[in-house]
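Read through the structure below, which is laid out as C-alpha cells, and then see the notes.
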Amino acid sequence: MERGQEAIERPKAQMEITLSHGKTGLTVRYQGKAVTRIHASEAGKRIAPYVAEALGVGLPPVGGRVKATVSSGVMFRVLSISSLDLRWPEADTLLLYLLDEAEAMRGFKSAAV
C-alpha cells in the first residue's frame with residue numbers, strides 16, 4: 001500500500017495501470033511496481049471483481065492481465081476498495097460509493113492542459 005500512496009501523492013490525469021491475475025491473487029501495478037495486491041483468499045476473491053470494475057476493465061482470467069489508463073483519483077478509489085473488509089456492516093455502502101465515484105471520474109475528461 002505504501003507504493004500505492006506514493007503513486008497518488010501528486011494528482012495525475014493519466015496513469016497506465018496493469019491488472020494481473022495470478023494463482024496467488026490480483027496485483028495492480030503502476031510503472032512496473034506493485035501498488036496493491038489482493039490475495040486469492042475468500043475475502044480477496046470477493047473484492048477482486050470490484051477492483052477491476054473500479055478500473056473500468058473486466059477481471060482477467062488467471063494468468064491474464066489487462067491495462068487501464070485512469071486518473072490518480074480513480075486510483076485512490078481502487079486502493080481504498082482493495083483494502084476494504086467486506087465483513088464490516090457498512091462495507092457494502094462504502095463499496096457502492098467508491099465504485100460510483102470511480103465510474104464518474106473515469107467518465108470525466110479534464111479541460112486542463
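Table: residues versus (1) within 12 Å of the chain's Cα centre (by Cα); (2) not small (Gly, Ala, Ser).
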site: Thr36; (1), (2): yes, yes
site: Ser41; (1), (2): no, no
site: Lys45; (1), (2): no, yes
site: Arg65; (1), (2): no, yes
site: Leu86; (1), (2): no, yes
Self-check item: segment 75-97, residues that are in contact with a Leu (Cβ under 7 Å, 6 or more places away or on another chain) and either more than 14 Å from Pro49 (Cα to Cα) or without any contact (Cβ under 8 Å) to a residue 40 or more places away in the chain (or both)
Solution: Arg77, Ser80, Ile81, Leu84, Ala91, Leu94
Quiz item: In segment 2-17, which residues are surrounded by 13 or more Cβ atoms within 10 Å (Cβ to Cβ) and either at pLDDT 95 or above or in contact with a Leu (Cβ under 8 Å, 6 or more places away or on another chain) (or both)?
Solution: Gly4, Ile8, Ile17
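The values are calculated or read from the model by the stated rules, or taken from the named source; none is laboratory data. What you are looking at is a predicted structure, and each value in this text was computed from that prediction instead of being measured. FYI the Cβ positions are ideal-geometry reconstructions off the backbone, even for glycines, and counts take in every protein chain you see.
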